[in-house]
1. Can you tell me which residue within segment 1-29, out of those that are assigned to a loop (DSSP other than H, G, I, E, B) and in contact with a Lys or Arg (Cβ under 7 Å, 6 or more places away or on another chain), is farthest from Ile109 (Cα to Cα)?
2. So, Ser116, is that one modelled with pLDDT of 85 or more and not hydrophobic (A, V, I, L, M, F, W, C) or not?
3. Return the only residue of Ala86, Ala54, Ala100 being under 14 Å from the mean Cα position of the chain (by Cα), free of Cβ contacts under 8 Å to residues at least 60 places away in the same chain and in a strand (DSSP E or B).
4. Confirm whether Arg39 is of a type outside the set (S, T, N, Q) and modelled with pLDDT under 75.
Amino acid sequence: MITEFVAAFNDGVTDLDPYFASGEDFQWYSDDQRVSIGRPSALYDPVNRDTLIAYLNLKRKTRGSITIRSLKFTSFRPFDQATGYAMELDWDGYSHLGKASVHCGLGQINVWGVGSARP
């Protein structure tokens with residue numbers, strides 16, 4: 001699901017909703033521009049799923065496409081039926097470490113986190 005989301009993102013798909021869990025199944029999102037989790041700004045509210053798609057579309061305009069350098073399975077979390085992944089992405093010309101998880105029953109991303117840029 002992560003590679004499918006990145007392909008859709010890079011292809012300019014604006015309706016990214018099908019790639020992400022919703023309601024209680026969605027947990028959070030973040031990147032290196034984040035405000036601390038639980039402290040929302042006007043556009044970026046990491047635990048509010050309703051802000052996610054607009055946020056991602058804005059990031060596409062300002063950062064461009066994403067290239068996955070590596071994607072590694074890290075864990076299965078039985079408490080929320082999700083698989084965890086560590087990832088390294090090229091985004092905006094810089095390398096970023098991050099993590100994501102996919103809800104196994106839904107086949108949708110429920111955590112998307114991209115860390116600070118590394119040279």
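The values are calculated or read from the model by the stated rules, or taken from the named source; none is laboratory data. Computed from a prediction, not measured in an experiment: that's the story for all the values here. Quick reminder, even Gly has a Cβ in these numbers, built from the backbone with ideal geometry, and neighbours come from all protein chains shown.
1. By that ranking, first place goes to Ser22.
2. So Ser116 fails the test.
3. Ala86
4. yes
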